Amino acid sequence: MATRTFDLVTWLGAAAEAMAAGQLEAATRGCEQVLAAERDQPNALHLLGLIAHRRGDYKRAVTLLSRSIELRGEVDAAWLHNLACSLGAAGQPAEAVARWRAAIAADTGYRAAYGPLARALVDLGQLEDALAVHTQRVAADPADAEAHYQLAALARQLGRHDQARASLAAALRHEPQHRDAQLLAASPSAAAA
């Protein structure tokens with residue numbers, strides 16, 4: 001039994017390394033090797049889901065990632081984020097939003113979920129909700145210049161000019177060379193606000 005566990009860990013590690021190196025066929029073979037030894041192994045299914053996403057097969061990615069999360073039995077913000085990305089790419093933005101929200105609920109410090117969640121909400125026309133997400137993102141990491149910039153841009157779009165100026169100043173304070181923040185600060189509409 002210990003040898004089998006070692007083999008699974010070794011095969012999974014090799015598959016993950018192959019994927020990171022862009023060797024999707026080798027990564028797929030490694031996952032299939034794991035699944036031949038242990039049907040429904042959640043880590044192997046999850047990795048296969050990531051591979052499917054990379055290949056542009058978003059429907060398969062959603063199926064595999066959903067199954068891996070179900071089998072794992074514990075909430076993991078990164079896994080929920082991966083599923084949300086595939087759902088968004090598969091044209092299911094409302095479902096993606098729900099998974100990104102779940103990822104943030106599972107770990108408010110999981111920064112990777114905030115930006116795509118806010119973008120999806122903007123795409124759905126839910127600008128106030130997107131602004132709230134950007135505000136949460138800034139609270140989660142007050143030194144994140146990109147978070148401040150995104151908050152500033154959306155606040156300005158919503159006509160909240162004082163909030164936009166304050167967020168823009170914070171973005172430039174944390175990262176003076178932030179190109180988008182510099183452009184926003186120099187724009188004529190910023191001066192008029």
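The values are calculated or read from the model by the stated rules, or taken from the named source; none is laboratory data. All values derive from a computational prediction rather than experimental measurement. Cβ sites come from the backbone with ideal geometry, for glycine too, and all protein chains shown count toward neighbours. The protein model used for the area step is the full one, side chains on, heavy atoms only, and it has no ligands, DNA or RNA in it. Shrake-Rupley method; radii C 1.70, N 1.55, O 1.52, S 1.80 Å.
Details
- Accessible surface area normalised per residue over the chain is 52 Å², counting heavy atoms of protein chains with a 1.4 Å rolling probe.
- Kyte-Doolittle mean at least -1.0, axial Cα span of 15 Å or more - DSSP H helices of the chain: 2-20, 24-37, 42-54, 58-72, 77-89, 93-106, 127-140, 145-157, 161-174
- Value at 222 nm in deg cm²/dmol, rounded to 500, when DSSP H runs of n ≥ 4 in the chain each add -39,500 (n - 2.57): -25000 deg cm²/dmol
- Remark: the chain carries a charge dipole of roughly 300 debye about the Cα centre, counting +1 on each Lys and Arg Cβ and -1 on each Asp and Glu Cβ.
- Pairs of Cα atoms in segment 83-184 fall into 10 Å distance bins, from 0 up to the last occupied one, in shares of 17, 45, 30, 7 percent.
- For q = 0.09 Å⁻¹, Debye-computed log10 I/I(0) when each Cα of the chain counts as one equal scatterer: -0.43
- Here the accessible area of the chain is 53 percent carbon and sulfur, with a 1.4 angstrom probe and all protein chains present.
- Label-to-label distance, residue 107 versus residue 38, with points set 7 angstrom from Cα along the beta-carbon direction: 2.0 nm.
- Simple label model, 7 Å out from Cα along Cβ direction - residue 136 to residue 186, nm: 3.5 nm
- Residue 28 sits with roughly 20 Å² accessible to a 1.4 Å probe, with DNA, RNA and ligands left out of the calculation.
- Extending 7 Å from the Cα toward the beta-carbon at both residue 165 and residue 21 defines two label points whose distance is 5.6 nm.
- Charge sum, other residues only, whose C-beta stays under 14 Å from residue 183's C-beta, Lys/Arg counted +1 and Asp/Glu -1: -1
- Shape class of segment 136-182 from the Cα gyration tensor (axes a ≥ b ≥ c, square roots of the eigenvalues): oblate, since a/c reaches 1.5 or more and a/b does not exceed b/c.
- In terms of its alpha-carbon gyration tensor, segment 1-76 comes out oblate; a/c meets the 1.5 threshold, while b/c is at least as large as a/b.
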